[in-house]
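Here's the structure we're looking at; comments come further down.
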Ligand code: NAD
Ligand code: AKB
């Protein structure tokens, strides 16, 4: 049976995406892969795969008659600064092996880019087409990846599609070493500890999105007719934008005794290099992208699900 392969499937996005794809196409139609030798958390087909191993990737594509790949394996911005060489190997070489496989086997590919492609010379509301001068290795790998995707699409006709995700907020698997991770950690801290020390300054504003919208954007882009995909680097997408202090205040409305202090670390410089907002009008025009969650509805929904997950009653 032709199947879908997901790399980096045990991460923040992968674990939610695999469940959604399996609900749509059936458990046996989706092969989850990641670094871990075995996995039972996602409850379906799983194979270990280091995306730096192009031969193994090729073998799995053949063995499982893969026709579509969601290529999520990556080091994120903070991890990338700690291990820049590894970030290049995983993020760029891994993508290149996949695009070669996609060219040979006519695969359809989704690969996520990030607001990390932008840098201090990008306007504070980032347009679709703008200056891309990132200051992190993660951003450098994402710019290189976007250009590789566009090259394989135009030169070889590979149907590769991409979104520049903003910071993603979710209650499933924890985030894996990014700068926007604080926007997830703060929810757990509010419910479990009543206090949080934020690694970004209170006024730091970044573009963000709730995971259900990120999954809708991903599947919407992949389902759109090919002639509607006019951007083959990567589409800007966003839902809302908030500062760390605004998120803290939104949480304090639900958890009145919650306190937040601020102790910016090396991630502050990364956040400061990214835009406050993103203009996603091209995605809205080309394939009807529209987010459903704003800050308040995201906070409400996150708290309902996290209270359930952490078995914390709503009115303690
Ligand atoms: P994550 O860190 O939670 O998950 C990444 C997964 O990749 C992990 O499970 C990790 O084990 C795996 N991985 C790392 N090195 C690997 C290797 N060599 N071979 C195979 N797997 C490897 O990340 P995520 O948040 O799920 O992000 C997925 C993709 O989305 C990445 O490309 C990331 O850049 C992009 N993205 C994420 C966000 C966000 O806020 N989560 C925002 C923008 C872009
Ligand atoms: C990170 O902070 O590194 C990611 C991203 C915005 O790409 N969440």
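The values are calculated or read from the model by the stated rules, or taken from the named source; none is laboratory data. Source: prediction; values computed, not measured. A quick note on method: Cβ atoms are made from the backbone with ideal geometry, for glycine too, and the neighbour counts reach across all protein chains shown.
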Handout entry: Of the criteria (1) in contact (Cβ under 8 Å) with a residue 40 or more places away in the chain; (2) more than 25 Å from residue 143 (Cβ to Cβ), which one residue 185 fails
Key = (1)
Fill in the blank from the handout: Exception for residue 191 within (1) touching a helix residue (DSSP H, G or I) at 6+ places or on another chain (Cβ under 8 Å); (2) under 25 Å from residue 270 (Cα atoms); (3) outside the structural domain of residue 149 (by TED's automatic domain parsing) falls at (2)
Handout entry: Count - residues of region 26-41 that are within 11 Å of ligand 1 (Cβ to nearest atom) and either touching a strand residue (DSSP E or B) at 6+ places or on another chain (Cβ under 6 Å) or part of a helix (DSSP H, G or I) (or both)
Key = 3
Problem - Selection within region 68-86 - over 13 Å from residue 50 (Cα atoms) and either surrounded by 24 or more Cβ atoms within 10 Å (Cβ to Cβ) or not assigned by TED's automatic domain parsing to the domain that holds residue 22 (or both) - result: 69, 70, 77, 80
Handout entry: Options 147, 168, 200: the member that is touching a residue at least 60 places away in the same chain (Cβ under 8 Å), within 16 Å of ligand 2 (Cβ to nearest atom) and over 14 Å from the mean Cα position of the chain (by Cα)
Key = 200
Handout entry: Residue satisfying all of: in region 112-133; surrounded by 16 or more Cβ atoms within 10 Å (Cβ to Cβ) and in contact with a helix residue (DSSP H, G or I) (Cβ under 6 Å, 6 or more places away or on another chain); nearest to residue 79 (Cα to Cα) among these
Key = 116
Problem - Hey, residue 153 in contact with a strand residue (DSSP E or B) (Cβ under 7 Å, 6 or more places away or on another chain), more than 12 Å from ligand 2 (Cβ to nearest atom), free of Cβ contacts under 8 Å to residues at least 60 places away in the same chain and in a helix (DSSP H, G or I) or not - result: no
Completion exercise
Just one listed residue, out of 79, 52, is touching a helix residue (DSSP H, G or I) at 6+ places or on another chain (Cβ under 8 Å) and away from ligand 2 (no atom under 16 Å from the Cβ), and it is 52
Practice task
Return the only residue of 244, 190, 250, 226 being more than 15 Å from the chain's Cα centre (by Cα), away from ligand 2 (no atom under 16 Å from the Cβ) and buried (at least 22 other Cβ atoms within 10 Å of the Cβ).
Solution key: 190
